[in-house]
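Here's the structure, in structure tokens; my notes come after.
The values are calculated or read from the model by the stated rules, or taken from the named source; none is laboratory data. Given the structure is predicted, the values throughout are model-derived calculations rather than measurements. With ideal geometry, Cβ positions are generated from the backbone for all residues, glycine too; neighbour counts draw on all protein chains shown. Remember, those area values only see protein heavy atoms, side chains included, never the ligands or the DNA or RNA. Shrake-Rupley method; radii C 1.70, N 1.55, O 1.52, S 1.80 Å.
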Amino acid sequence: MKVLVVGGGGREHAMVWKLKQSPRVKEIFCAPGNAGIAGLATCVDISAEDIPGLLAFAKGGGIDLTMVGPEAPLCAGIVDRFQEAGQKIFGPSQAAAEIEGSKVVAKDIMARYNIPTAKYAAFTRYEEAVSYVDQNGAPCVVKADGLAAGKGVIVAMDKETALAAVRSIMIDRDFGGAGDCLVVEECLVGEEVSILAFTDGVNVVPMISSQDHKRIFDNDQGPNTGGMGAYAPAPVYTPAVHSQAMKEIIIPMIRALDAEGRTYRGVIYAGLMITNQGPKVLEFNARFGDPETQPVLTLLDTDLVEIVEAILANRLDSIDIKWLAQSAVCVVLASGGYPGVYEKGKVIKGLDQVPAEVMVFHAGTAFKDGEVITAGGRVLGVTAAGSNIVSAIKSVYAGVDKISFEGMQYRKDIGYRAIERSQ
Ligand code: AMP
Ligand code: GLY
């Protein structure tokens, strides 16, 4: 079959890499793709948000299956548009994807169905948000309601920071229309874990657990980023926590979405905080995580196309999804200055020196004059597997050591929490 992957980051490179291994797949297209994806698929110069353009390409090119990476097209209704046109596509409908597109919608559903999450209040008026923060104080977490590329969340340890966050979202409009509404949440304490699951709306099969590293600097210092690295599985997600999360969060949420007329088909992502009172939801996303997908798909043993087809036919219970009994780690190499302003166009050296067992998933890269150059904040996701977390970390950094570009920055401690737990 011919498959179209929508997106052009590290997550999409990992999806293309995994799809390429399927005996069912003849040809892969990726819109818009990047310099690394170009080695495995035909990159098509259509933006991931150009739904009419993507649909015309899928129809004209005889695409048999479309897979969507990023949230923006999902929240804009790409799945509905493709289905109306009779095109096979994998992902949640616009109504289902609203669990990521609107934090208020997600929180209200969780509240109605008693799904454990931080206590919250939602506001559409600046004055009301300010007086709430004034009365309740800090610490608290201020979140823009809509999509903000992972940047609309401010964890405020004092009242001044919280008030400044409310102002930046609602008055300065730093996140545009995403700030028409905001949520102020109780600040949860614990270790975070990402649980991705496949679902056909009824059956739910969790993937192997993973953990992102959101802060830019080692020891979780500095501002939040889109994710500086991830590993799987995450030892904090013990079998006991897993049963509790499935029983109290993942399955109830899939049932709730169905009951609310938002039947969810695709990959659902639960960002959980493992607190002293058990797992609680930080956020839901309507897609594979980035960079969690890089280690998670590295460990997926089953053909991804078989899983997708089972979901589209509402028979996810008919297949057995298998995982390698290994650990995998992804270290993100970012441009100097990221997550603030950064330069693009730096030549990337050493890609051909990386050991064969290490995968380099490209995120923000492009070709120029026959060389691979940087073209984004997160540039590469170097990924390796091993029989345990220590050996995976050793291999991944042996790969990282071969690569360089001007201003390159990365965390040296990806996976450290897993090592602490194993000791
Ligand atoms: P989100 O995009 O909602 O996951 O938020 C981004 C990051 O902010 C999360 O990965 C957490 O590190 C942090 N965060 C979000 N909500 C909370 C909360 N209620 N308590 C503590 N930290 C939070
Ligand atoms: N790694 C966080 C996300 O994909 O939203």
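Solvent exposure of the range 22-132 amounts to 42 Å² per residue of accessible area, where only protein heavy atoms count and the probe is 1.4 Å. Measuring between their Cα centroids, the range 14-70 and the range 225-258 lie 28 Å from each other. Stretching the chain fully between residue 238 and residue 406 yields a gain of 56.4 nm (0.36 nm per residue, less the alpha carbon separation). The slack in the chain from residue 413 to residue 136, taken as 0.36 nm per residue of separation less the alpha-carbon distance, amounts to 96.2 nm. In this structure residue 50 has an accessible area near 60 Å², from a 1.4 Å probe over the protein heavy atoms. Here the accessible area is traced with a 1.4 Å probe on the protein chains. For the range 206-306, carbon and sulfur cover 49 percent of it.
Its alpha carbons considered, the chain gives a radius of gyration followed by a Dmax of 20.6, 60 Å.
Cut-off 14 Å, label point 7 angstrom out along Cα-to-Cβ of residue 205: give me the residues of the range 319-333 whose amide nitrogen falls inside. Zone members listed by number: 319-324. Coordinate range of the alpha-carbon atoms in the range 1-117 per principal axis, descending: 45, 28, 25 Å. Ranking 410, 342 from most to least accessible surface, computed with a 1.4 Å probe over the protein chains only, gives 342, 410.
Can you classify the range 333-416 as rounded, prolate or oblate using the Cα gyration tensor, where a ≥ b ≥ c are the square roots of its eigenvalues, rounded means a/c under 1.5, and otherwise it's prolate if a/b beats b/c and oblate if not? Oblate is the answer for the range 333-416, as a/c is 1.5 or above yet b/c matches or exceeds a/b. Solvent exposure of the range 173-242 amounts to 34 Å² per residue of accessible area, where only protein heavy atoms count and the probe is 1.4 Å.
From its DSSP helices (H runs of at least four residues, each -39,500 (n - 2.57)), the chain gives a residue-normalised ellipticity at 222 nm of -8500 deg cm²/dmol.
What's the carbon and sulfur percent of the range 102-183's accessible surface, probe 1.4 angstrom, rounded to a whole number? Summing carbon and sulfur atoms, their accessible area is 51 percent of the total for the range 102-183.
Relative contact order of the chain, taken over Cα pairs closer than 8 Å and 6 or more residues apart, is 16 percent. For the range 163-190, the residues whose amide N sits under 18 Å from a probe point set 7 Å from the Cα of residue 119 along the beta carbon direction are 183-190.
The residues of the range 283-375 present an accessible area of 41 Å² per residue when probed at 1.4 Å with all protein chains retained. Taken along the Cα-to-beta-carbon direction at a fixed 7 Å, the label points for residue 26 and residue 324 span 2.9 nm.
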